[in-house]
1. Of all residues being aromatic (Phe, Trp, Tyr) and touching a Ser or Thr at 6+ places or on another chain (Cβ under 9 Å) in the range 174-223, which is farthest from Tyr83 (Cα to Cα)? Just the residue, please.
2. Tell me which of these Met216 doesn't satisfy, since it passes every other one: (1) of a type outside the set (Val, Ile, Thr); (2) surrounded by 15 or more Cβ atoms within 10 Å (Cβ to Cβ); (3) not in a loop (DSSP other than H, G, I, E, B).
3. From the residues in the range 39-77 that are in a helix (DSSP H, G or I) and of a type in the set (A, V, I, L, M, F, W, C), which one is surrounded by the most Cβ atoms within 10 Å (Cβ to Cβ)?
4. Say whether the condition of being surrounded by fewer than 24 Cβ atoms within 10 Å (Cβ to Cβ), at pLDDT below 95 and more than 20 Å from the chain's Cα centre (by Cα) is met by at least one residue in the range 205-212.
5. Filtering the range 327-375 down to residues that are outside any loop (DSSP other than H, G, I, E, B) and aromatic (Phe, Trp, Tyr), which residue is surrounded by the most Cβ atoms within 10 Å (Cβ to Cβ)?
6. Of the numbered conditions (1) farther than 15 Å from Ala396 by Cα; (2) small (Gly, Ala, Ser); (3) exposed (fewer than 14 other Cβ atoms within 10 Å of the Cβ), Ala242 fails exactly one; give the number of that condition.
7. Check off (1) aliphatic (A, V, I, L, M); (2) closer than 22 Å to Ala344 by Cα; (3) part of a helix (DSSP H, G or I) for Met106 and give me the number that stays unchecked.
8. Given the criterion in contact with a Lys or Arg (Cβ under 6 Å, 6 or more places away or on another chain) and either under 20 Å from His389 (Cβ atoms) or aliphatic (A, V, I, L, M) (or both), identify the matching residue among Gly283, Gly311.
Amino acid sequence: MADTETQRKQPAEAWITGIGLATSLTEGLDAHWDALAQRRVNADATSFAPYIVHPLAPLSFDQQIPKKGDQRQMEAWQRIGTYAAGLALDSAGIKGNTEILSRTDMIVAAGGGERDLAVDSAVLNSEAQGDSPPGALNDRLMNDLRPTLFLAQLSNLLAGNIAIVHGVTGSSRTFMGEEESGVDAARIALARIAAGQSDIALIGAAQNGERKDLLMLYEFGDFNLKDNYAPVFARGPKGGFALGSGGAFLVIESKAHAQARGAKPFARLTNVVADMSRRRAPGDITMSMDKLWAQLGPLHDNTAIITGATGAEPATAEEAAFLRAHPDHPVRATGTAFGHVMEAQFPLGIALAALSLSRGALFPPNDPSGLEIETAKAPDQIVVIGAGHWRGEGMALVEAIR
């Protein structure tokens, strides 16, 4: 009886059984693996000059969002996310399985949604010309915006559209908080599965980086990479991030649930830890990462690192100091190839870690700074790192399943 009780209290093992990627490079897992192997980068320095943007690769949204009416009522970030979520469900083999989807929990990391630039511009022009009567602003906001908009699209509309289009109707949560919301999406999903509160979950995020309003917002903080593209760790003290368009979604489920339906895992999600250093003194971020590294559990000599380093300072320099203190662990920075996809950066790192472990290899380096080193060893552990450009740090341990 005691042994049975002990077994019941053991945390459930969490397997990653589905991956959906639609990014500036391509869509799908094989295509992404090939693009990474070829060290491809899709960076645009002219469309939004002087800012560098990684535009979304061409997608046929009909493949995952068949109803044109559904597509029309979504803005780009929702279409990207709904598309990537569909790819993840396909990858996990549960697309269209209403019995499983009806109890699949969903955790989405989302920003504030897209603004209607035409309405914004009309309001500002009218105000600037001084010909707006009293109450004109309220009238414009009430009459020009769709019901789904309140200055910007509601953050939980991505989860809502995934539920409508793909039938994912278990519990639903939407987290906000830029990069750290992606960390918490993974952390909460893992905690619920480990505790037996959830059998299967869909998590992820999406961003449309090809937005003038978003570029303007981050320019106020001097975060944007300008003029010339460079790999993340080669941008120097006056670097910044290059916004990217893309979506990354994962299906995570308990080992028992996956085995019961005959699902093949990509990897195991073993641990996710998070912190928010005060960032008031030099070295705070490095100290936070040291603390998180120690919380991950036993790490092997050949453990690799996939980081969502942004390129923005001082966060990237402090993360680089942490990485230089672990020179034997090969590093790969997702921001070099994909740009910075904000809320989706951490789910993207987990997706690439799981894909690498399932392929028995780490994709090649793509940064001349010396932080990314070649390796012929097949890692059986990959640590995913996320340090927000402004706030928040997180790490995940992803392990191979033999």
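The values are calculated or read from the model by the stated rules, or taken from the named source; none is laboratory data. Values in this document were obtained by computation on a predicted structure and should not be read as measured data. FYI the Cβ positions are ideal-geometry reconstructions off the backbone, even for glycines, and counts take in every protein chain you see.
1. Phe223
2. (2)
3. Step one: list which residues in the range 39-77 are in a helix (DSSP H, G or I), which gives 61-63, 68-72, 76-77.
Among the residues that remain, those that are also of a type in the set (A, V, I, L, M, F, W, C) are: 61, 76-77.
Values: Phe61: 18, Ala76: 17, Trp77: 26.
Step by step, filter the range 39-77, then rank; the result is Trp77.
4. Yes, there is a match, as at least one residue in the range 205-212 is surrounded by fewer than 24 Cβ atoms within 10 Å (Cβ to Cβ), at pLDDT below 95 and more than 20 Å from the chain's Cα centre (by Cα).
5. Quick first cut of the range 327-375, residues outside any loop (DSSP other than H, G, I, E, B) only: 331-338, 340, 342-359.
Cutting the leftovers down to aromatic (Phe, Trp, Tyr) gives us 338, 346.
Working: Phe338: 30, Phe346: 36.
Checked the range 327-375; the qualifying residue surrounded by the most Cβ atoms within 10 Å (Cβ to Cβ) is Phe346.
6. Condition not satisfied by Ala242: (3).
7. Unmet condition: (3).
8. Working: Gly283 fails: in contact with a Lys or Arg (Cβ under 6 Å, 6 or more places away or on another chain).
None of the other options fit; the residue is Gly311.
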